[in-house]
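Worksheet for the structure shown next.
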Amino acid sequence: MAGNNKCEGGTLLRILLGVFGVMACIAPCVLGDVSVPSGGDPCDIDYPVSGFLDIYGTANLWPGASADYGIYAWPGEVEGQPGATVNIYGCEPDNQLWVLDPTDELPGLAPVVTVYGPKFRFYGTVYLPPTDVPISGLLEVLSEADDVLFSLTIDSDVEIHLRALEPAGPEEIAIDIKPGGYPNSINLGSKGVVPVAILSTDGFDAEDVDPDSVEFAGVSPVRWALEDVDGDGDMDMIFHFKTRDLDLDENSTEATLTGKTNDDVQIQGSDTVKILKSKKEN
Ligand SMILES: [Ca+2]
Ligand SMILES: [Ca+2]
């Protein structure tokens, strides 16, 4: 058991299979059982296991994960010891997940199982919000369009945590520092302002931006306006930022604008800058 931080059994076999490319299962595939020990690093599983998958420590399941004899999330082995932590981001269909309660023989803490997805459906009909529920039955994780992304038959008296996926990173938007000009020369000693435009594109409407959320190189704008900056017929948003406050230095080659839309979507865009050596500052 001594913490080797790996999925016991699994790793070696995976390597062997990778090396020899043997047996019926193509490439990564584990014959026999896999055990994720407690106390080790999190173990990522995105491959089929032909036996039992026993999880005592922390495991992340990804698309491709399956276990022919079932996935078992175990409680801690002694009093006070944490049980398994299982984060499920995907798996093959028709997996059976057993979440085991603490018992006299395994008196530690209960396993913590979290299923991530856009939407959840129970037994094919009941939609569940992101919540904490004991589940026994078929849980399906659905795309926003109700396509089944993956499904699990769960047997648990312990609460299962259903969580909305963390929002993806900020949406990339198009900005133009010093609209219409290039290179985007900035003299950091200047007492003026730098204009930066958020451009509307096919997939993005600059009018959706919450101007109060916008920062450029760490600075909030002194003013903003709607204007068709690039003359393509749609409204863009133009901001002005105090040059001296910008968090840039003479080595900067790029500057980034961040913010969010009125719908709370994070946005981010970058453009090149050319920093001019200030002549007689201070
Ligand atoms: Ca420019
Ligand atoms: Ca425009």
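Only the coordinates and a few stated rules stand behind these numbers; no lab work does. Because the structure is a prediction, the values reported are computed rather than measured. Backbone-built Cβ (ideal geometry, glycine too); neighbour counts: all protein chains shown.
Worth a mention:
- Some residue of the stretch 137-149 being away from ligand 2 (no atom under 16 Å from the Cβ), surrounded by 15 or more Cβ atoms within 10 Å (Cβ to Cβ) and among the acidic types (Asp, Glu): yes
- Some residue of the stretch 227-243 being small (Gly, Ala, Ser), more than 29 Å from Lys277 (Cβ to Cβ), away from ligand 2 (no atom under 14 Å from the Cβ) and assigned to a loop (DSSP other than H, G, I, E, B): no
- Residue within the stretch 187-198 that is at negative phi, of a type in the set (S, T, N, Q), touching a strand residue (DSSP E or B) at 6+ places or on another chain (Cβ under 6 Å) and not in a strand (DSSP E or B) present: no
- Residue within the stretch 103-113 that is touching a Phe, Trp or Tyr at 6+ places or on another chain (Cβ under 7 Å) and assigned to a strand (DSSP E or B) present: no
- Positions within the stretch 63-82 being in contact with a strand residue (DSSP E or B) (Cβ under 7 Å, 6 or more places away or on another chain) and of a type in the set (Ser, Thr, Tyr), in sequence order: Ser66, Tyr72
- Annotation: of all residues in the stretch 169-181 being part of a loop (DSSP other than H, G, I, E, B) and either in contact (Cβ under 8 Å) with a residue 60 or more places away in the chain or in contact with a helix residue (DSSP H, G or I) (Cβ under 7 Å, 6 or more places away or on another chain) (or both), the one that is farthest from ligand 1 (Cβ to nearest atom) is Gly169.
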